[in-house]
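Chemist: Here it is, the structure in full.
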Amino acid sequence: MPVRSTVRFTDAYIKSLKPATTRYDLYDANLAGFGIRISPSGTKSWIALSRNMERKTRITLGRYPQMPLASARQRAMNALLEMADGEFKRTNSFQNFEHALEDWYKKDQSKNKSFLQVKKAMELHVRPHLKDFKLSNVEKRDIIKIIDRIAIRTPTQANRVQAFITRFFNWCVSRDLLAISPANGITKAKTETSRDRVLTKDELTTVYNATFKMPYPFGPLFRILTCTAQRLNEVAGCKWSEIDLVAQKWDLPRDRSKNKASHVIHLSRPVLEELNQLMCSAQNELIFTTTGRSPVSGFSKAKKQLDTISGVTDWRLHDLRRTFATVATETLGYEPVVVDRTLNHLNGSVKGIAAVYQKGQYLDKRKAVLDAWANYVQCPS
């Protein structure tokens with residue numbers, strides 16, 4: 001039989017409880033086995049306790065005030081009935097965060113187009129920090145810590161992870177696993193602007209396909225810009241002498257590199273196809289030119305035309321590099337150091353003099369990531 005107490009729980013009474021030097025439990029007079037545990041730190045946790053055949057079972061239902069008295073009493077009533085019927089073991093195992101997460105993947109997310117992106121983000125950023133939690137013990141502050149940790153490096157990614165966490169806990173509430181979502185009321189890490197914009201998969205593919213409706217020089221330029229993930233001025237100023245179609249590489253000299261570091265860029269299949277077509281009609285050393293004397297310009301006007309054709313707005317051409325970096329690490333699973341080297345970043349994961357010596361390193365992985373990226377760009381969702 002459940003234990004009994006003579007304390008009658010009310011909102012005012014629960015609110016008035018103070019911590020002691022040691023943890024203590026109190027039980028409700030109106031519902032046998034329903035109680036609250038007060039820790040020395042002041043944390044108040046709802047509990048349910050049952051004894052059957054000399055065996056004692058105690059579970060944590062949630063924390064006060066995140067879970068109000070009425071919700072906790074109803075949750076306790078259900079749990080005590082399940083324990084009395086011998087069904088609690090199944091239900092209680094599901095209250096573990098990891099069990100709930102796996103069930104969410106299977107029952108709610110697996111058929112979504114964004115499932116792989118969601119799962120990678122949750123496995124990388126969330127599971128390691130909440131894996132040992134009971135579902136009902138996760139608090140808002142636990143989620144804020146996760147979001148803040150990501151926001152230091154990538155505010156945009158922090159907002160996406162926050163959206164995934166919110167989606168998960170809302171599902172838990174809808175399945176009656178929680179009375180209230182601990183993710184409610186958390187503000188975004190940072191308001192997203194075009195400066196930290198990451199295009200979605202659908203946006204990226206739509207923009208890429210729209211470039212085929214644009215003639216030379218901007219149509220092929222934008223496609224090569226997308227697939228190589230290099231800087232706009234470096235692509236626009238590219239010369240045939242820098243291109244080796246047989247070796248499938250582009251040697252960017254240091255005098256044309258923004259950071260004054262020479263760079264080797266792998267040419268993926270769609271880039272090779274573009275360059276082969278352009279070579280058939282090439283009349284200048286410059287690949288993209290309208291004058292024959294200087295690299296093409298007028299990007300703002302061309303970008304507006306691309307926005308009109310694609311219907312995708314509020315982004316900059318430089319956001320293609322940020323999108324590549326995000327997708328390459330979060331979705332395609334490549335190491336940040338490989339992504340940094342592919343982008344010719346010398347102030348990222350590889351710094352200082354080490355960057356000079358690592359100029360030729362990771363070539364195979366850099367080829368692989370650009371091939372995977374080109375496939376990602378071209379394949380429909």
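The values are calculated or read from the model by the stated rules, or taken from the named source; none is laboratory data. The structure displayed is predicted, hence computed values, not measured ones. Cβ coordinates were reconstructed from backbone atoms using ideal geometry, including for glycine residues, and neighbour counts include every protein chain displayed.
Chemist: Being farther than 17 Å from GLY219 by Cα and assigned by TED's automatic domain parsing to the domain that holds LYS367 is the requirement here; does PRO270 meet it? Outline the logic, then answer.
Modeler: Values: farther than 17 Å from GLY219 by Cα: no; assigned by TED's automatic domain parsing to the domain that holds LYS367: yes.
Criteria not met by PRO270.
Chemist: Another question, then. Does ALA70 qualify as being surrounded by fewer than 20 Cβ atoms within 10 Å (Cβ to Cβ), modelled with pLDDT of 90 or more and part of a helix (DSSP H, G or I)? Explain how you work it out, then say what you get.
Modeler: Details: surrounded by fewer than 20 Cβ atoms within 10 Å (Cβ to Cβ): yes; modelled with pLDDT of 90 or more: no; part of a helix (DSSP H, G or I): yes.
Considered against the rule, which asks whether it is surrounded by fewer than 20 Cβ atoms within 10 Å (Cβ to Cβ), modelled with pLDDT of 90 or more and part of a helix (DSSP H, G or I), ALA70 comes out as no.
Chemist: For the stretch 209-230, indicate whether the set of residues that are in contact with a helix residue (DSSP H, G or I) (Cβ under 7 Å, 6 or more places away or on another chain), crowded, with 17+ Cβ neighbours inside 10 Å, aromatic (Phe, Trp, Tyr) and over 20 Å from ALA368 (Cβ atoms) is non-empty.
Modeler: yes
Chemist: Does the stretch 1-16 hold any residues that are at pLDDT 90 or above, more than 40 Å from the chain's Cα centre (by Cα) and of a type in the set (A, V, I, L, M, F, W, C), and which are they?
Modeler: Within the stretch 1-16, PHE9, ALA12 meet the criteria.
Chemist: Scanning for something under 25 Å from GLY35 (Cβ atoms), free of Cβ contacts under 8 Å to residues at least 40 places away in the same chain and assigned to a loop (DSSP other than H, G, I, E, B), does the stretch 77-85 turn up at least one residue?
Modeler: yes
Chemist: I've got another one for you. Which one of these is of a type in the set (D, E, K, R), over 24 Å from LYS365 (Cβ atoms) and modelled with pLDDT under 95: ARG322, ARG341, ARG316?
Modeler: Values: ARG322 fails: over 24 Å from LYS365 (Cβ atoms); ARG341 fails: over 24 Å from LYS365 (Cβ atoms).
The unique qualifying residue is ARG316.
Chemist: Restricting the stretch 80-108 to residues that are modelled with pLDDT of 80 or more and surrounded by 20 or more Cβ atoms within 10 Å (Cβ to Cβ), which is nearest to VAL138 (Cα to Cα)? Don't jump to the end; show me each part of the working.
Modeler: Filtering the stretch 80-108 for residues modelled with pLDDT of 80 or more gives 80, 96-108.
Filter once more, so that each one left must be surrounded by 20 or more Cβ atoms within 10 Å (Cβ to Cβ): 80, 97, 100-101, 104.
Values: LEU80: 22, PHE97: 8, ALA100: 12, LEU101: 13, TRP104: 16 Å.
Only one residue fits best here, namely PHE97.
Chemist: Which one of these is crowded, with 19+ Cβ neighbours inside 10 Å and among the hydroxyl-bearing types (Ser, Thr, Tyr): THR156, THR200?
Modeler: Details: THR200 fails: crowded, with 19+ Cβ neighbours inside 10 Å.
THR156 is the lone residue from the list that is crowded, with 19+ Cβ neighbours inside 10 Å and among the hydroxyl-bearing types (Ser, Thr, Tyr).
Chemist: Just to be sure, is ALA121 in the same structural domain as PHE164 (by TED's automatic domain parsing) and at pLDDT below 90?
Modeler: The answer is yes for ALA121.
Chemist: Within the stretch 97-189, considering only helices (runs of 4 or more DSSP H) that don't extend past its boundaries, which have at least 2 residues that are over 12 Å from the mean Cα position of the chain (by Cα)? Steps first, answer last, please.
Modeler: Values: elements: 97-104, 115-121, 127-130, 140-151, 155-174.
Passing ranges, in order: 97-104, 127-130, 140-151, 155-174.
Chemist: A follow-up question, please. Which residue pairs have Cβ atoms closer than 9 Å, lie 6 or more positions apart in sequence or on different chains, and pair a first residue in the stretch 264-289 that is among the small types (Gly, Ala, Ser) with a second residue that is assigned to a strand (DSSP E or B)?
Modeler: Hits for this filter: zero, empty list.
Chemist: If you don't mind, there's one more thing I want to ask. For residues that are among the hydrophobic types (A, V, I, L, M, F, W, C) and free of Cβ contacts under 8 Å to residues at least 24 places away in the same chain, scanning just the stretch 48-70, find the one that is farthest from ALA179 (Cα to Cα). Walk me through it before giving the result.
Modeler: Of all residues in the stretch 48-70, those among the hydrophobic types (A, V, I, L, M, F, W, C) come to 48-49, 53, 59, 61, 67, 69-70.
The next check asks that each one be free of Cβ contacts under 8 Å to residues at least 24 places away in the same chain; those that pass are 53, 70.
Numbers: MET53: 31, ALA70: 10 Å.
Here the answer is MET53.
Chemist: Say we look at the stretch 183-242 and pick out the residues that are without any contact (Cβ under 8 Å) to a residue 12 or more places away in the chain and of a type in the set (Ser, Thr, Tyr); which of these is nearest to ARG269 (Cα to Cα)?
Modeler: Only one residue tops the list, namely THR200.
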